[in-house]
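Working notes, beginning with the structure itself.
What follows draws every value from the coordinates through simple rules; no lab data is involved. These numbers were taken from a predicted model, which means no experiment stands behind them. We place every Cβ from the backbone using ideal geometry, glycine too, and count neighbours over all the protein chains shown.
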Amino acid sequence: MKQDSAIRLILLGLAMSSVAALAVITLFIFREGLPIIFRQGPGSFLFGSDWDPGAEPAAFGIFAMIAGTFAVTGGALLLGVPVGLGSAIFLSEFAPRKVATILKPALELLAGIPSVVFGYIGMLVLSPFIRDHIGGSGASVLAGSAILGIMILPTIISISMDTLRSVPRSYREGSFALGATGWQTTWKVTLPAARSGLVAAVILGMGRAVGETMAVIMVTGNTALVPKSPLSPARTLTANIAMQLNAAVGEHREALFACGVVLFVIIMVLNTFANWVAKLGKRA
């Protein structure tokens, strides 16, 4: 009993250390970033169109970066979600066991590739292709969306496969017993039963895209303007922080931490919504 209690306390301490680390990070970011938001005004900071730390007075409006973040993330979802869900459905429901055994680890290897490699490939291959065959400068929302669409595939595929495989086999057998085909069973039975988990997979993939930095810096053009088309350059919140934090001082530094506060809130909302959807599915 004493040994069990000691192990329980050790595990509790380890769990609480993770929570404490998150709390310290959260308090630090909010302590550094909130003052300038309130000094400048939340509306002016969030919806201002100018970002010019060198002006007198300095201008810190992040609406262009928020728009760039959601434009790149939205494009990544448009490209990555159909491929990710389609791959998960194929590997879970239709692929022969040998094929699934080969393809699933190969797809999961994408998660181990450093983001700078994706960005480098995007600079050398994707951006020139867009410039030469589609239009624009090449460094654009479209390039960032394509790279992020590939990078979120492991998250979407892995979670979606686990969700589909967790659907009870009796659901499928009952559908087959009524004369449904394999695709009819998947479309009418399996996917509705796994809906909450699939939504959670998409939302977590979105969170992955929102938080990406290096690859986005390398392929989006990093222009602090609201993108007007997929071929326009853009700057995301993460890119803005990474590009300027080393040289920032005073209010400029506070403004970058305030960008981190906004980004933190966006990701926390997405993760909370994903957890809520997953729990809703379990109750159903």
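Which of the listed residues, T236, P192, I159, is farthest toward the dipole's positive end in the chain, when Lys, Arg count +1 and Asp, Glu count -1 at the beta-carbon? Comparing the listed Cα positions along the dipole, P192 ranks first. If you wrap segment 21-97 in the convex hull of its Cα atoms and look at it from every side, the mean projected area works out to 8.9 nm².
Extents of segment 85-220, taken as max minus min of Cα coordinates on every principal axis and listed largest first, are 56, 28, 28 Å. The ranking of K188, K98 from fewest to most other beta carbons within 10 Å of each one's beta carbon is K98, K188.
With contributions of -39500 (n - 2.57) from each DSSP H run of at least four residues, the per-residue ellipticity at 222 nm computed over the chain stands at -23000 deg cm²/dmol.
Please report, ordered by residue number, every helix of the chain (full DSSP H runs) that is 20 Å or longer along its axis going by C-alpha atoms and whose mean Kyte-Doolittle hydropathy reaches -0.5. Result, helices passing both filters: 2-40, 63-89, 195-211, 250-283. For segment 1-132, the spread of Cα coordinates along the three principal axes comes to 66, 64, 25 Å, biggest extent given first.
Just so you know, the Rg over Rh for segment 183-284 is 1.14, from Cα atoms, with Rh as the Kirkwood radius.
For the peptides 122-130, 69-77, residues were scored by their other Cβ atoms within 10 Å and the scores averaged per peptide; the highest-first order is 69-77, 122-130.
Can you give the Rg/Rh ratio of the chain, where Rg is from the C-alpha atoms and Rh is the Kirkwood radius?
Taking Rh as the inverse mean 1/r over Cα pairs, Rg/Rh reads 1.05.
Would you kindly give the portion of the calculated P(r) for segment 103-162 that falls above 20 Å, as a percent of all Cα pairs? So the pairs more than 20 Å apart make up 35 percent of the total in segment 103-162. Descending by average beta-carbon neighbour count within 10 Å, the peptides 82-94, 158-170, 141-153, 228-240 line up as 141-153, 228-240, 82-94, 158-170, the highest first. Amide H contacts of F60: D52, each under 5 Å away and 5 or more positions distant or on a separate chain (H built 1.01 Å from N in the peptide plane; Pro and chain starts excluded). On alpha carbon coordinates alone, what is the Rg over Rh value for segment 144-242, Rh being the Kirkwood radius? Looking at segment 144-242, the ratio lands at 1.20.
When D50, D4 are sorted by how many other C-beta atoms sit within 10 angstrom of their C-beta, beginning with the fewest, the order is D4, D50.
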